[in-house]
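The values are calculated or read from the model by the stated rules, or taken from the named source; none is laboratory data. Fair warning: this is a prediction, and the values are worked out from it, not measured in the lab. Counting neighbours? That spans all protein chains shown, and the Cβs are built from the backbone with ideal geometry, glycine included. Areas reflect the complete protein model, heavy atoms only, side chains present, ligands, DNA and RNA absent. Shrake-Rupley method; radii C 1.70, N 1.55, O 1.52, S 1.80 Å.
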Amino acid sequence: HAAEAMKTDLMTITRFVLNEQSKHPESRGDFSILLSHIVLGCKFVCAAVNKAGLAKLIGLAGETNVQGEEQKKLDVLSNEVFVKALVSSGRTCILVSEEDEEAIFVEPSKRGKYCVVFDPLDGSSNIDCGVSIGTIFGVYMLKDGDESRLEDVLQPGKNMLAAGYCMYGSSCTFVLSTGSGLNGFTLDPSLGEFILTHPDIKIPKKGKIYSVNEGNAKNWDGPTAKFVEKCKFPKDGSPAKSLRYIGSMVADVHRTLLYGGVFLYPADKKSPSGKLRVLYEVFPMSFLMEQAGGQSFTGKERALDLVPKKIHERSPIFLGSYDDVEEIKALYAAEE
Ligand code: AHG
Ligand code: MN
Ligand code: MN
Ligand code: MN
């Protein structure tokens with residue numbers, strides 16, 4: 001009977017956020033409106049990704065972005081969709097996208113109180129071979145009501161009000177936190193709605209998987225090399241861990257949340273700050289990890305305590321099961 005009730009009592013993402021909002025009587029529904037526009041963007045990208053192969057959307061767009069990466073058509077398309085959706089929501093004042101060199105300051109007539117940082121298409125190197133890709137976002141509140149300044153998006157990740165990602169894989173999964181737990185929703189294409197499928201996600205305290213690009217091993221620092229060595233050749237007789245690395249952060253983090261384990265993008269001699277961008281990759285995923293009972297470390301500090309100085313700043317990142325990250329923190333502490 002309960003299963004039956006589930007079928008008719010559809011907990012859509014919209015309804016879920018409205019329930020959350022009712023806990024904040026002072027809120028005037030602005031966040032719900034913002035979120036509905038982010039969800040719209042994700043539905044569009046999901047549809048575009050699903051027919052990319054057919055619509056010849058894959059392949060290089062010819063330009064390169066501020067990261068010096070070849071922009072693929074879907075990168076460009078999804079960036080435009082999100083910028084337009086966010087501006088038209090009338091609830092944003094500053095946007096930071098991986099694909100735009102400068103922050104976007106929304107025109108006064110459309111301005112709202114939220115600053116959104118986002119990676120419109122994460123894992124774009126995987127587009128052409130059909131491997132899961134995604135969108136990552138984080139939301140800050142404007143620091144002082146009237147003026148929007150760059151400092152409003154250079155806040156530590158712990159100041160984020162909300163964060164989430166959408167993964168375009170075998171199904172389209174939206175994972176969201178507004179600061180009180182973590183929930184996953186799956187797109188029902190027949191309804192065009194995201195339905196709650198993963199209530200109150202909690203990451204296992206310890207995992208059996210490590211996730212890192214082993215191809216960078218020759219450039220790793222001591223603690224990272226020691227941790228990975230321990231995963232492969234445990235001294236205490238425990239079984240070696242499995243390596244799982246997809247190369248799309250969204251997919252690697254989603255698996256880590258559900259199965260447990262640890263995801264690493266360490267610093268190395270080539271890139272001393274690692275590769276992943278603080279505002280729209282490290283902060284949102286660290287926020288979600290902490291909400292799920294995991295943790296996230298930069299090699300020096302709690303990732304969410306970091307104060308970025310530039311909008312495309314990078315940081316090393318070690319995130320996942322609480323106990324696994326504790327081991328990494330101990331190795332870095334021993335180095336000091
Ligand atoms: P993006 O496609 O948004 O530029 O992000 C790619 C990132 C991230 O998704 C992934 O974890 C990482 O690049 C993989 O990097 P390597 O190929 O160097 O392992
Ligand atoms: Mn990129
Ligand atoms: Mn990315
Ligand atoms: Mn990207």
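When you scan region 184-201, do you find a residue that is within 16 Å of ligand 1 (Cβ to nearest atom) and hydroxyl-bearing (Ser, Thr, Tyr), even just one?
no
Mind listing whichever residues of region 233-270 are in contact (Cβ under 8 Å) with a residue 40 or more places away in the chain and assigned to a loop (DSSP other than H, G, I, E, B)?
Those that are in contact (Cβ under 8 Å) with a residue 40 or more places away in the chain and assigned to a loop (DSSP other than H, G, I, E, B): Ile246, Gly247, Ser248, Gly260, Gly261, Pro266, Ala267, Asp268, Lys269, Lys270.
Mind checking which residues of region 231-248 are more than 16 Å from ligand 3 (Cβ to nearest atom), in contact with a strand residue (DSSP E or B) (Cβ under 9 Å, 6 or more places away or on another chain) and closer than 17 Å to Tyr259 by Cβ?
Correct list: Cys231, Lys241, Ser242, Leu243, Arg244.
With Lys275, Lys230, Lys226 as the choices, which residue is buried (at least 19 other Cβ atoms within 10 Å of the Cβ) and either touching a Phe, Trp or Tyr at 6+ places or on another chain (Cβ under 8 Å) or touching a residue at least 40 places away in the same chain (Cβ under 8 Å) (or both)?
Details: Lys230 fails: buried (at least 19 other Cβ atoms within 10 Å of the Cβ); Lys226 fails: buried (at least 19 other Cβ atoms within 10 Å of the Cβ).
Result of the check over Lys275, Lys230, Lys226: Lys275.
Identify the single condition in (1) open to solvent by less than 40 Å² (accessible area, probe 1.4 Å); (2) at pLDDT below 95 that Gly237 does not satisfy, given that it satisfies every other one.
Going through (1) open to solvent by less than 40 Å² (accessible area, probe 1.4 Å); (2) at pLDDT below 95 one by one, Gly237 breaks only (1).
Could you pull out the residue among Gly130, Gly169 that is out of contact with any Cys (no Cβ under 7 Å at 6 or more places or on another chain), among the small types (Gly, Ala, Ser) and loosely packed, with under 15 Cβ neighbours inside 10 Å?
Going through Gly130, Gly169 in turn, just one is out of contact with any Cys (no Cβ under 7 Å at 6 or more places or on another chain), among the small types (Gly, Ala, Ser) and loosely packed, with under 15 Cβ neighbours inside 10 Å: Gly130.
How do the pairs read when you match residues in region 100-123 that are assigned to a helix (DSSP H, G or I) with residues anywhere that are loosely packed, with under 15 Cβ neighbours inside 10 Å and of a type in the set (S, T, N, Q), using Cβ under 9 Å and keeping only pairs 6 or more apart or on different chains?
What qualifies is Lys110/Ser88.
If Thr224 meets every condition in (1) under 28 Å from Asp128 (Cβ atoms); (2) more than 17 Å from the chain's Cα centre (by Cα); (3) of a type in the set (S, T, N, Q) apart from one, which number is that one?
Single failed check for Thr224: (1).
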